[in-house]
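Chemist: Shown below is the structure under consideration.
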Amino acid sequence: MTENILEVRDLVKHYPVTRGVVFKKTIGHVKAVDGVSLELKAGETLGVVGESGCGKSTLARVLMNLERPTAGSVNYKGQDISKLSGGALRRLRRQIQLVMQDPYTSLNPRMTVGDLIGEPFEIHPEVAPKGSRRDKVKELLDLVGLNPEHINRYPHQFSGGQRQRIGIARALALRPEIIICDEPVSALDVSIQAQVMNLLEKLQAELGLSYVFIAHDLSVVRHLSDRVAVMYLGKIVEIGTEDEIYERPTHPYTQALLSAVPVPDPTLRDQKAIIRLTGDVPSPVSPPSGCRFRTRCWKAQDVCAEQVPLLEIRSGSDHPSACHFAEKREIVASHEV
Amino acid sequence: MSDILVSEQSKPGAAGSGRPSGRLLEVEDLRVEFRTRDGVAKVINGVTYHVDAGETLAVLGESGSGKSVTAQTIMGILDTPPGFVTGGQVRFHGKDMLTMSAEERRRIRGEGIAMIFQDALSALNPVFTVGFQIAEQFRIRRGLSRSDAKKRAIEMLDQVKIPNAKGRFSNYPHQFSGGMRQRAMIAMSLALDPEVLIADEPTTALDVTVQAQIMDLLAELQRERQMGMILITHDLGVVADVADRIAVMYAGRIVEEANVYDLYAKPAHPYTMGLIDSIPRMDERGQQLRTIKGLPPNLMNIPPGCPFNPRCPMAQPVCREKLPPLLQIGTDRASACHFAEDLVNRD
C-alpha cells in the first residue's frame, strides 16, 4: 500500500481566453489547475472534492493526458505521462482509464453494448485476440452485474444506473491499474447511486484497483476514499486521510464545506452550526492575490492578500493545509459569520 | 376507488399569520397520464396531499416518481398533449382549480401559488434583463407605472439579498452566477406575495455552500410571509433540515406520509427504509451501503399489486395481488404498505 503508483508534481493547466475571430488575441488565462501536487498509492482511493469550477474535472483530463498540462509532470511508475505521445502513450493509457459522469452522453447511441465495451480491444488487440472478444465482453458484463445476454442491446434500452455499469465495464476492459472516476454517481438517484458505489468497492477489492475519485458530494467521497484532497480555484487547499479531513479539518474552506452538507437526520437540525460563506467562487481568470479563498474567508488578514499560503503541515495540525491560520475547529461549535 | 387516503382530520392553520386559516392547497386523488406513441404512461395514480399556511411539505422521490408532474399540474403548466389529467381535484381555498376558467386560474398563479424551478438559467428569459422580468409582474398584475414597478423590483432583489440590487436590475441572466440566478428567480416568484410557493428542486444544480445560502433564504422568507411551501426534492439531507411533513412518492403514488421526525426515526414503508439506508453517511466509511435492488417500474407497465413489490425485501404473495391503500397508522401519519403496522411496531 505504500508504493506510489501515480505522482503529480506542480501540475498547471491554463486555458487561453481569446478575443477576435481573425486576429485572435489572448487577453487572459483561465487558471483551471494551478499548481497541484499529489500521490496515488497502489490499491487506495484518493478522493478529490470541490465545488464546480474548482478544476477537479480538468485535473482528471490532465491525469489521463487528454489535455497536455501547461507545466508540471504526471509520473506513472517513473514515466512522465505528459511528455509521452504516439505508441508509448497508447501503451500507457491501458493502465489508466476513465469513468465519466453522464452515462447518457458518454455512450455512443448507435453502438451495441458489445461494441462499446469491446472497442478498447480494437485499439489494444494484445489484451484480447479477436476470437475471444465476445466472451471477454460477456465476462465484463457479468463482473459489473449486468446480464451477459444483453450484449446486443443499445444504450437506450438501459437505465441510468445500468449505463453507468456499462461505462465501468468499458473502463475495466483493458485491466487497468488506475481508474479515474469523474463524478460517477452524481447523475444517479440515491438508491441507484448506492448500487454503483458498492460495485466500485467490490471491483477494487477483487481487482486491486487504485481510484482517483472526483466528486462534489462530500458524503459519497468519504464513503469510498482512503485519502481526500480538497480543491478550491485550481489549488489543493487541504489533503489528508479521510479521518484527518472529515474529523480534524484545519482549512477554513474545508470547514465551511463540511458544515454546509445537509445531514439526513432531523434531530440534529438545530444543533449544528453552519458556517455561512458569503458570495460565490471568484472567476478563475483573475483569482484573488495571495490566498484564493481570502475573499470569502472570515479569518482573512493582510498577510492573506500578500502571501500565497503553502500546502504544508503547520503547528497544531497533523496534515498539510494551505492556510496561514490553519487550526482545528469543532464543526459543531457555533461560529456564525 | 378504494385506494384513496381519507385526509386526516383538519387541524387549525398556523396561528397569527393574518391569513385565512385551514387548508390552503389540497390535491386529492390526482391522476395524470402521458399518452405517447409507445403507449400510455400512468405518471400519477391517485396523489393526495395538502399544505397549510406556514408549513413546509417536502415531496420526496426519485426521478420518474411523479413529484414534478404533480407540481406542474397544480400550476397548470402540464404539457398537454402528451399529459392529460384523468381524475382528481386540485383545490385552492376549497375551490377546484382544474375546473375553473383559464382566466380564474391565471389570477391564482403568481398571487396565490408561485413556483421556482431547478434550472434558473432556462427558467429566466435570456433576452430581457432580470429587473424587467420582475418588474413586468408589477406593471401587468398591479398596474404600477414603469418607475414604481422598477422600485418594487429593486426592493425584491434586495430582499433576496442580491448585493447592489440597484445596479443588478439591468443585468441579463447570463451575467448572474448560479446562486444569484436562483435568488433572482425567488424574487420573481415572491413578487406578488403568493400564499403557496412550490419549489421544484431549487438547489439541486447548486454547490453545497450556495445551497445552504439558498435554503436559509427560502426558510427566512417563508417564516416572514407565513407561506405554505411545497419542496420537491430527492435529497434526504435537505429535507431533514427544512421540512415539517414529508410525502414520499413512488411510481406516481404517495407511499408514506409523516412528520419529518417520525419518518427518519421509524419509516413505515420499505421503500422509505431503503432510501434512508442507501444514503452514504459521513460516519460509516467502508461498510457496504444497503441498497434497494432493481429499478423503478416502467410507468407504462406498472406491476400488479403494490408497485414496489418486485424490489421489496419483505414482499409476500398478497403484495403481488392487492394494491395497498394509503391508510392512517397512528396519529398524523400514513403508509401504503400491507405491513405498515409491523414496521412501525418493530423494535
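Chemist: Give the relative contact order (percent, whole number) for chain B; include only Cα pairs under 8 Å separated by 6+ residues. Mind showing how you got there, number by number?
Modeler: Numbers: 643 pairs, mean separation 70.9, N = 347.
Across chain B, relative contact order equals 20 percent.
Chemist: Treating only the Cβ of Lys, Arg, Asp and Glu as charged (+1, +1, -1, -1), what charge dipole size does segment A:162-270 show about its Cα centre? Round to the nearest 20 debye. Show your work: numbers first, answer last.
Modeler: Working: 10 positive and 15 negative charges, 82 e Å.
With only Lys, Arg, Asp and Glu charged at Cβ, the dipole is about 400 debye.
Chemist: If you restrict to DSSP beta bridges whose two residues both lie in the protein assembly as shown, what percentage is antiparallel, to the nearest 5?
Modeler: On the way: 59 of 96 bridges.
Counting only bridges with both partners in the protein assembly as shown, antiparallel ones make up about 60 percent.
Chemist: Still on this structure, please answer the following. Got a sec to turn the phi values of segment A:11-22 into Karplus ³J(HN,Hα) couplings, 6.51 cos²θ - 1.76 cosθ + 1.60 with θ = phi - 60°, whole Hz, x for Gly and Pro?
Modeler: 6, 10, 9, 10, 10, x, 9, 10, 10, x, 9, 7
Chemist: Another question, then. Under the definition of partner shielding as Cβ atoms of other protein chains within 10 Å of a residue Cβ, what is the mean value for peptide A:252-263? Walk me through the numbers before you get to the answer.
Modeler: Working: counts 0, 1, 0, 0, 3, 4, 2, 3, 8, 6, 13, 8.
Per residue, the average neighbour count from other chains is 4.
Chemist: Another one. If you take the beta carbon distance between A:LYS24 and A:SER73 as r and set R0 to 25 Å, what does 1/(1 + (r/R0)^6) give as a FRET efficiency, to the nearest 0.05?
Modeler: Details: r = 29 Å, r/R0 = 1.16.
Computed FRET efficiency for A:LYS24 and A:SER73: 0.30.
Chemist: So how far, in whole Å, is the C-alpha centre of segment B:114-174 from the one of segment A:94-127?
Modeler: Comparing the Cα centres of segment B:114-174 and segment A:94-127, I get a distance of 46 Å.
Chemist: Through the Karplus equation 6.51 cos²θ - 1.76 cosθ + 1.60, θ set to phi - 60°, convert the phi angles of segment A:36-52 into ³J(HN,Hα) values in whole Hz; use x for Gly and Pro.
Modeler: These are the phi-based 3J(HN,Hα) values: 10, 10, 7, 10, 10, 8, 4, x, 9, 10, 9, x, 10, 10, x, 7, 4 Hz.
Chemist: Provide the FRET efficiency to the nearest 0.05 for the B:ASP29-B:LYS293 pair, computing r from the beta carbons and using R0 = 41 Å.
Modeler: 0.85
Chemist: Here's another thing I want to ask about it. Mind checking which lysines have their Cα closer than 23 Å to the Cα of B:LYS151? Skip sequence neighbours fewer than 8 apart in that chain.
Modeler: Within reach: B:LYS161, B:LYS166.
Chemist: Indicate the gyration tensor shape class of the protein assembly as shown (rounded, prolate or oblate), computed on the Cα atoms with a ≥ b ≥ c the square roots of the eigenvalues: a/c under 1.5 is rounded; otherwise a/b larger than b/c is prolate and the rest oblate. Walk me through the numbers on the way to the answer.
Modeler: On the way: a/c = 1.71, a/b = 1.25, b/c = 1.37.
Note, shape of the protein assembly as shown comes out oblate.
Chemist: Moving on to the next point. Given springs between every Cα pair under 10 Å in a Gaussian network model of chain B, which of B:VAL47, B:VAL130, B:VAL208 has the largest fluctuation?
Modeler: Among B:VAL47, B:VAL130, B:VAL208, the largest mean-square fluctuation in the Gaussian network model of chain B belongs to B:VAL208.
Chemist: OK, next. Taking chain A as a Gaussian network, where each spring joins two C-alpha atoms under 10 Å apart, which residue of A:GLY20, A:GLY87, A:GLY28 fluctuates the most?
Modeler: It is A:GLY20.
Chemist: Also, quick follow-up: Could you list which residues have their amide H under 5 Å from that of B:ALA243, counting only those 5 or more apart in sequence or on another chain, with H placed in the peptide plane?
Modeler: none
Chemist: Convex hull over the Cα atoms of segment B:136-229, averaged projected area in nm²?
Modeler: On the way: hull surface 24.4 nm².
About 6.1 nm², averaged over all directions.
Chemist: Another question, if that's okay. Is segment A:91-197 best put as rounded, prolate or oblate by its Cα gyration tensor, with a ≥ b ≥ c the root eigenvalues, rounded for a/c under 1.5, and otherwise prolate when a/b is larger than b/c, oblate when not?
Modeler: Details: a/c = 1.85, a/b = 1.31, b/c = 1.41.
Oblate shape, in that a/c is at least 1.5 and b/c is the bigger or equal ratio.
Chemist: Please label the shape of segment B:250-345 as rounded, prolate or oblate, based on the square roots a ≥ b ≥ c of the eigenvalues of the alpha-carbon gyration tensor (a/c under 1.5 means rounded; beyond that, a/b larger than b/c means prolate, else oblate). If you can, show how the numbers build up before the last one.
Modeler: Values: a/c = 1.94, a/b = 1.19, b/c = 1.63.
Oblate shape, in that a/c is at least 1.5 and b/c is the bigger or equal ratio.
Chemist: Report, in deg cm²/dmol and to the nearest 500, the calculated mean residue ellipticity at 222 nm for chain A, where each DSSP H run with n ≥ 4 adds -39500 (n - 2.57) and the sum is divided by the residue count.
Modeler: Taking each H run of at least 4 residues, the total per residue is -8000 deg cm²/dmol.
Chemist: For a label point 7 Å from the Cα of B:LYS266 along Cα→C-beta, name the residues of segment B:332-347 whose backbone N is under 13 Å from it.
Modeler: B:332-334, B:340-347
Chemist: Something else now. Could you pull out every residue, at least 5 positions away or on a different chain, whose amide H is within less than 5 Å of the one on A:VAL33? Hs are placed 1.01 Å off N in the peptide plane, and Pro or chain starts have none.
Modeler: Distant-sequence amide H within range of A:VAL33: A:LYS13.
Chemist: While we're looking at this one, here's another question. Taking the Cα atoms only, what angle lies between the long axis of helix B:208-225 and the longest principal axis of chain B, rounded to 10 degrees?
Modeler: It works out to around 80 degrees.
Chemist: Hey, what did segment B:250-345 get for relative contact order, percent, Cα under 8 Å, at least 6 apart?
Modeler: Details: 124 pairs, mean separation 34.0, N = 96.
That works out to 35 percent.
Chemist: Just the number, please: percent antiparallel of the DSSP beta bridges in chain A, rounded to the nearest 5.
Modeler: About 60 percent, rounded to the nearest 5.
Chemist: Over all Cα pairs of chain B, how is the pair count split among 10 Å bins, expressed in % and running from 0 up to the last occupied bin?
Modeler: With a bin width of 10 Å, the distribution comes to 5, 24, 32, 24, 11, 3, 0.
Chemist: Among DSSP beta bridges whose residues both lie in segment B:23-243, state the antiparallel percentage, nearest 5. Numbers along the way, then the final one.
Modeler: Values: 21 of 36 bridges.
Expressed as a percentage, antiparallel bridges in segment B:23-243 total about 60.
Chemist: Return B:LEU218, B:LEU192, A:LEU257 ranked ascending by Cβ neighbour count within 10 Å, so the fewest neighbours appear first.
Modeler: On the way: B:LEU218 24, B:LEU192 15, A:LEU257 27.
Fewest to most other Cβ atoms nearby, the residues stand as B:LEU192, B:LEU218, A:LEU257.
Chemist: Could you tell me how many degrees, from 0 to 90 and to the nearest 10, lie between the Cα long axis of helix A:160-172 and the main elongation axis, the longest principal axis, of the Cα atoms of chain A?
Modeler: For helix A:160-172, the angle is close to 80 degrees.
Chemist: For each of B:TYR172, B:TYR271, B:TYR264, count neighbouring Cβ atoms within 10 Å of the residue's Cβ, then give the residues from fewest to most. Spell out each step's value before the answer.
Modeler: Values: B:TYR172 16, B:TYR271 28, B:TYR264 19.
Taking fewest neighbouring Cβ atoms as first place, the list is B:TYR172, B:TYR264, B:TYR271.
Chemist: Something else about it: Percent relative contact order of segment A:26-168, based on C-alpha pairs within less than 8 angstrom and at least six residues apart? Can you show the working numbers first?
Modeler: Numbers: 107 pairs, mean separation 27.7, N = 143.
Contact order relative to length: 19 percent.
Chemist: For segment A:268-309 and segment B:254-276, what is the centre-to-centre distance using only Cα atoms, to the nearest Å?
Modeler: 38 Å
Chemist: Per residue, what volume in Å³ does the convex hull of the Cα atoms of chain A enclose? If you can, show how the numbers build up before the last one.
Modeler: On the way: hull volume 55.0 nm³, N = 337.
Cα convex hull per residue, to the nearest whole number: 163 Å³.
Chemist: Something else: So if I take the centroid of the Cα atoms in segment B:57-85 and the same for segment A:15-81, what is the distance between those two points in Å?
Modeler: Computed from Cα coordinates, the inter-centre distance equals 41 Å.
Chemist: Arrange the following residues from fewest to most other Cβ atoms within 10 Å of their Cβ: A:HIS29, A:HIS251, B:HIS50, B:HIS174.
Modeler: On the way: A:HIS29 17, A:HIS251 28, B:HIS50 21, B:HIS174 9.
The fewest-first ordering by Cβ neighbours comes to B:HIS174, A:HIS29, B:HIS50, A:HIS251.
Chemist: Sticking with this structure for a sec: Which ³J(HN,Hα) values, rounded to whole Hz and listed in residue order, are derived for segment B:130-142 from phi using the Karplus coefficients 6.51, -1.76 and 1.60 in 6.51 cos²θ - 1.76 cosθ + 1.60 with θ = phi - 60°, glycine and proline given as x?
Modeler: The phi angles translate into 4, x, 4, 5, 7, 5, 3, 5, 5, 6, 6, 8, 10 Hz.
Chemist: Can you pull out the GluC sites (Glu not before Pro) in segment A:41-145 whose DSSP state is coil and whose Cβ has at most 15 other Cβ atoms within 10 Å? Display every interim value, and only then the final one.
Modeler: Values: sites: A:GLU44, A:GLU51, A:GLU67, A:GLU122, A:GLU126, A:GLU139; in loops: A:GLU44, A:GLU51, A:GLU67, A:GLU126.
Answer in residue order: A:GLU126.
Since every read-out is calculated from the coordinates, none of them should be taken as a lab result. Computed from a predicted structure; not experimentally measured. For neighbour counting, all protein chains shown are included, and Cβ atoms are generated from backbone atoms with ideal geometry for every residue, glycine included.
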